[in-house]
Each structure stands twice: as C-alpha cells, then as structure tokens.
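Asks: Would you mind keeping the following structure in view while I ask a few things?
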Amino acid sequence: TEQTFIAVKPDGVQRGLIGPIISRFENRGFKLVAIKLMTASKEHLEKHYEDLSSKPFFPGLVTYMASGPVCAMVWEGRDVVKTGRAILGATNPLQSAPGTIRGDFAIILIWHEQDVGRNVCHGSDAVDSAKKEIALWFKEEELQKWKPAQFDWVYEKA
Ligand code: GTP
Ligand code: MG
C-alpha cells in the first residue's frame, strides 16, 4: 500500500496543531504507521529539501525547520500521497482553500514576504519522493504493521 511522509512543522507544533492534523488523516481513514517528535539537524533538512537547494529561501527554510521539534509521521492508504497533498492545501497560505490544513490554520500576515515558510505542515509531493523522505526520517523497524479494527466495518467485502 502507498505511504506518505507528513511532518507538522515547528510553527504547527508550537501552535498545538499536532492533534488537529492527525485527526484529519485519521478521519479520512488513513493508517498511522510511524510517528516521532524530533528536532532535525540542518544537515538532515538539507537532504530533506535537497530539490530546493538552489532557491533563495533555502537557507532560511532549513534554519527555520531546524529551529524546534517537528512531528514526523508516516501515513498509509490508497492514494495517500495525492490525497495527503489535498488535505494539506496549497503551499502558499494565501492560496490554500478553506477546509484544508493550511487553509484553516496557516496565518496570513500580509506585511511579511516570507510567510509562505510558515505553512504548518509538510507532505510528500510524489510517490518516489515519499519513499525517499520516509527512508531519511525513519528506520524500517520504526514502521508498524497493523490492521485497524475499523477496517472490518468501513471496507466492503465481496
Ligand atoms: P512542503 O510540503 O513543505 O514540501 O511544501 P510544498 O511541497 O507545498 O512546497 P515546496 O516543496 O515547493 O517548498 C517547501 C517549503 O519551502 C514550503 O512549504 C515553504 O515552507 C517554503 N517555501 C516555498 N516557496 C517559498 C518562498 O517563495 N519563500 C519562502 N520563504 N519559503 C518558501
Ligand atoms: Mg514540497
């Protein structure tokens, strides 16, 4: 089954949004297979965001993401990468739709230019980047194999 890497960013952790973010994935029937709170090193985050290394905001992004604990998670389910991105909403809080995590929680401070960097939560953008990110943040043995009891009630049987 497909898995994605979701991380509540330092602003989301500080604002007490771990619970609401987990709920949105649980409510949609996705399965949590790994979770930990950790303050990542800059080296770790440079790897995580290596595709963005040429961007002008890259140093600020890495410094910010290393500034405090993030809540790193792996979620599993059908189409979870794409659906996870939909649950998160658009990168820029100005454009993220109400009903999405960013559209409901990311705060828009229009007199700052860099507020797109305070968008509460990260989600993998493709199946292959999800695999790469999961391998960077978690050891194989940290991923739980389990069957939620509700699966017998919510999935149709033949
Ligand atoms: P992630 O889920 O965090 O990867 O966001 P994303 O996939 O929606 O966007 P992208 O991977 O392009 O950028 C990663 C992160 O860099 C964004 O979530 C923002 O926090 C930050 N970022 C992206 N574009 C800008 C920008 O133009 N300025 C600043 N300051 N930060 C940006
Ligand atoms: Mg991204």
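Values quoted throughout were computed directly from the atomic coordinates according to the rules given, and no laboratory measurement underlies them. In this text, all values refer to a predicted model and were calculated from it rather than measured experimentally.
Asks: What percent of all Cα-Cα pairs in the chain falls into each 5 Å bin, going from 0 up to the bin containing the maximum distance?
Replies: The distribution over the chain is 2, 9, 18, 22, 22, 15, 7, 3, 2, 1, 0, 0, given as percents.
Asks: For the chain, what does -39500 (n - 2.57) per DSSP helix run (n ≥ 4), summed and divided by total residues, give at 222 nm, in deg cm²/dmol to the nearest 500? Walk me through the numbers on the way to the answer.
Replies: Numbers: 8 runs with 59 residues, N = 158.
Helix-only estimate at 222 nm: -9500 deg cm²/dmol.
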